[in-house]
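See structure below.
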DNA sequence: TTACAACCATACACCAACGAATGTAAAAAC
DNA sequence: GTTTTTACATTCGTTGGTGTATGGTTGTAA
């Protein structure tokens with residue numbers, strides 16, 4: 001095949017990553033060959049091995065396209081003067097919306113449910129990294145809420161943070177296992193709202 | 001090799017399953033060959049193919065040894081006259097204790113984090129089955145709690161059930177990702193107690 | 001314009017794992 | 001005591017996937 005222009009080459013790379021998302025999600029990482037990914041993208045394995053060193057390198061590049069730190073989600077939706085609990089609420093909703101996009105949904109489902117570790121890739125370490133990042137952000141907000149007297153007196157912010165993080169983690173796992181079972185945004189909003197309402201000192205609000 | 005007695009044959013079958021638990025957990029299901037499992041058990045692949053049809057059949061047999069329906073956990077620990085919330089509390093604790101046993105820990109960690117679907121095995125269907133079983137049981141208890149006036153008036157039993165189930169699901173996923181990170185029993189007890197306390201109408205009780 | 005290098009296709013060698021076939025010695029059935 | 005079956009071990013053909021080497025065409029910089 002002829003040499004492409006730089007833009008075309010970049011498009012090829014993106015097409016390979018798109019194809020990897022789809023085939024990894026459908027067949028699982030271990031059960032997909034680089035040949036299948038190449039064909040899905042209308043290329044051959046030569047293109048794959050040109051743009052990526054191997055399957056692990058391709059997988060890593062695929063993940064790099066779908067990062068979303070919690071602080072970023074909050075900054076996108078919550079005004080700077082929002083209360084800590086409102087910031088959490090809005091950040092979660094933004095996360096639900098993003099996760100419902102096909103790209104994020106497929107990649108995260110692949111990470112959580114369709115890949116084991118292989119060669120030098122450790123999906124659990126990546127999961128742990130994201131979970132801890134979220135946990136740290138939630139802890140800051142809930143500590144602020146505590147300081148502002150928004151939480152129940154008998155609720156430790158540390159415990160509340162772990163509780164909320166476990167709820168979110170379970171929600172994501174359950175939804176990504178079968179995205180047709182329920183609406184992530186609706187149920188997620190319902191659960192987060194309820195959980196934060198149970199956390200708060202003032203029962204009437206929310 | 002000489003023929004074994006029936007008891008010895010059953011012992012080799014168990015040894016193969018034990019070996020499968022260990023190697024699947026260490027290497028991941030996709031990355032372990034039947035040869036590795038056989039060698040771990042001190043056998044050859046001939047033994048494996050005698051007792052099991054293929055890797056999927058072996059995997060399924062491995063899972064069959066670690067079932068624990070929620071009702072069974074409750075029946076083992078809670079007296080028949082316990083309140084619904086107390087039954088949930090005790091059932092969860094019993095589940096945490098069981099899950100901390102090496103066998104259950106390894107198998108569930110393998111199911112959740114170390115296997116993709118392969119051939120005719122669908123791990124997510126098995127996860128969903130267990131999750132739904134637990135969800136159904138929790139719903140019954142929380143409906144009873146509602147009927148007995150134990151829940152907050154502003155809390156729907158359905159929502160509470162989903163909230164608790166998501167929390168448990170997230171807790172298991174997070175712990176099985178790194179069982180050294182924290183004690184499942186301690187944190188699990190803490191989270192469940194807190195969650196149920198937030199659910200209940202009477203805040204003073206423990 | 002020319003030469004190089006980017007970009008991708010094609011071809012090839014290699015290896016690990018599967019599954020089936022076969023061998024076999026002892027246990028169990030008669 | 002003989003036969004049959006069990007419970008494996010061993011061997012072998014096949015296959016699917018990987019990584020690399022090589023070829024070929026064309027942007028692109030000088």
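Considering segment B:184-206, the residues that are more than 20 Å from residue B:146 (Cβ to Cβ) and touching a residue at least 40 places away in the same chain (Cβ under 8 Å) include one that is farthest from the other protein chains (Cβ to nearest Cβ), namely B:185. With respect to the conditions (1) crowded, with 19+ Cβ neighbours inside 10 Å; (2) more than 16 Å from DNA strand D (Cβ to nearest atom); (3) in a loop (DSSP other than H, G, I, E, B), residue A:91 lacks only one, and its number is (3). Residues in segment A:20-62 that are farther than 24 Å from residue B:123 by Cβ, crowded, with 21+ Cβ neighbours inside 10 Å and either more than 10 Å from DNA strand C (Cβ to nearest atom) or within 14 Å of chain B (Cβ to nearest Cβ) (or both): A:52 alone.
Look at residue B:56 and say whether it is touching a strand residue (DSSP E or B) at 6+ places or on another chain (Cβ under 6 Å), assigned to a helix (DSSP H, G or I) and closer than 20 Å to residue B:108 by Cα. So residue B:56 fits the description; yes.
Taking segment A:116-162 as the range and being over 20 Å from the mean Cα position of the chain (by Cα), part of a loop (DSSP other than H, G, I, E, B) and closer than 25 Å to residue B:124 by Cβ as the test, only A:119 passes. Checked against the criterion of being more than 22 Å from residue B:172 (Cα to Cα) and touching a helix residue (DSSP H, G or I) at 6+ places or on another chain (Cβ under 6 Å), segment A:130-142 has at least one qualifying residue. Quick check: is even one residue across segment A:132-151 surrounded by fewer than 22 Cβ atoms within 10 Å (Cβ to Cβ), free of Cβ contacts under 8 Å to residues at least 24 places away in the same chain and within 16 Å of DNA strand D (Cβ to nearest atom)? For segment A:132-151, residues surrounded by fewer than 22 Cβ atoms within 10 Å (Cβ to Cβ), free of Cβ contacts under 8 Å to residues at least 24 places away in the same chain and within 16 Å of DNA strand D (Cβ to nearest atom): absent. Only residues that are free of Cβ contacts under 8 Å to residues at least 40 places away in the same chain, under 18 Å from the mean Cα position of the chain (by Cα) and facing chain B (nearest Cβ under 9 Å) were counted across segment A:163-181, and they come to 8.
Read-outs: derived from the displayed coordinates by stated rules, not from any lab. Values in this document were obtained by computation on a predicted structure and should not be read as measured data. A quick note on method: Cβ atoms are made from the backbone with ideal geometry, for glycine too, and the neighbour counts reach across all protein chains shown.
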